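The values are calculated or read from the model by the stated rules, or taken from the named source; none is laboratory data. None of these values were measured; they are calculated from a predicted model. Quick reminder, even Gly has a Cβ in these numbers, built from the backbone with ideal geometry, and neighbours come from all protein chains shown. These accessible areas exclude ligands, DNA and RNA; they are computed on the full protein's heavy atoms, side chains included. Shrake-Rupley method; radii C 1.70, N 1.55, O 1.52, S 1.80 Å.
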Amino acid sequence: HSALLVGSIVDKIYALEERNDVPDEETESEKYQEWMKLRKGDSNDGVMTPLERASIMNQLLERIEEEGKVYVEMRSRHLSQVANVDQFRRHVGTKEEDLVLDDDNFDSSSSSSSSSSSDSSSDSDNENDSSKFKQDAVSSFGTTPGPTIAMYDLVLDALALTSTPTTPSVAKSMLLRIIERHELDGGYDNTNPLSIPTALSYNAVIRCCANVPIDFDVSTADEDGNKKNIYVRDAAIDASFVTFDAMLRSDVVERNSATYDYLIRAVTKLMPTSRTQGNIIYALYTKAREEGVYSEAVRQALMDASIEDIGEEFAKWFQNEVKEKDVLEYPQRERQNSRILRYQIGDDTY
């Protein structure tokens, strides 16, 4: 599905006609041309829309997650049962001689009374121990088997390309699950490459927010429509800044050029033109320079932000520092990480 989404990370690898390192005879083959028809939606043979493909990818991922949870539950139950059997054997003894009673020292009346009182308490203790053991078995297992970080990344990339009003919330929820899986596998000490988040995992969420369809034109929308747009806007702003903060706290991923590119676009789109918006954009521009990820993509996001409309101070800064100043004119330390922190060195999408 990802390969058939125009602009996806997989499509960029296999879109041969857009690459210079592929022979013409390979791009002219019948098989490749048929694939291109599917990719571009030119065929009428039940071709799915990009939104349908993204939805199916998300549903498949959710199914894999549920199957992983069921596996962990069954495993913990089995271990709990095994633990109960071992505990019983330790209690009554596994050797025949351990079960032989000394008649000379055995008091039947005291034994029966003490055993009856201890049985009720031991049953309760055993039940608590079993429940605790079961919970420990679940938590000590690490992350659930099944989905890998590559699967999450492909779905997030697809969601970013087909953003809908609900996409930011869905993407944010998926990112939180990714972070939880990473923490279950040890967090900072996690050595499982299948559960370690990537730059795409975070940046795709912010890209979803920057691409979310929203319209605040009161002349074309009724009151209910504008209320819905306000909810969509708030959810997108929340998702974008929660993700930005999560990257700051991450122990495996650093913010890169794409982070600031998409966040500046999200702020431009979701916040009204005001000094507050201008201050946030200027702060992001400053942080990008401080972290050495100022790039042409970040500059283009600033160019598209209509900063000159905010006020005279912002217009002067924009004119002198962005519009009339090339990226290469900035010090090397302010742009040195713009390539090495990318998800893929040769592609600035993430």
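Per-structure values
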item: Where 152, 262, 188, 71 fall by accessible area, highest first, once all protein chains stay in place (1.4 Å); result: 188, 71, 262, 152
item: Accessible area (Å², 1.4 Å probe, nearest 10) - residue 316; result: 140
item: Heavy-atom accessible surface of segment 240-350: percent carbon and sulfur, 1.4 Å; result: 46
item: Förster-model FRET efficiency, 41 Å R0, residue 283 and residue 75, C-beta, rounded to 0.05; result: 0.30
item: Segment residue 49-residue 148, extension gain: residue separation times 0.36 nm, minus the distance between their alpha carbons; result: 33.1 nm
item: Residues with amide H under 5 Å from that of residue 344, placed H, sequence gap 5 or more; result: 350
item: Approximate spin-label separation residue 316-residue 345, in nm, with each point projected 7 Å along Cα-to-Cβ; result: 4.4
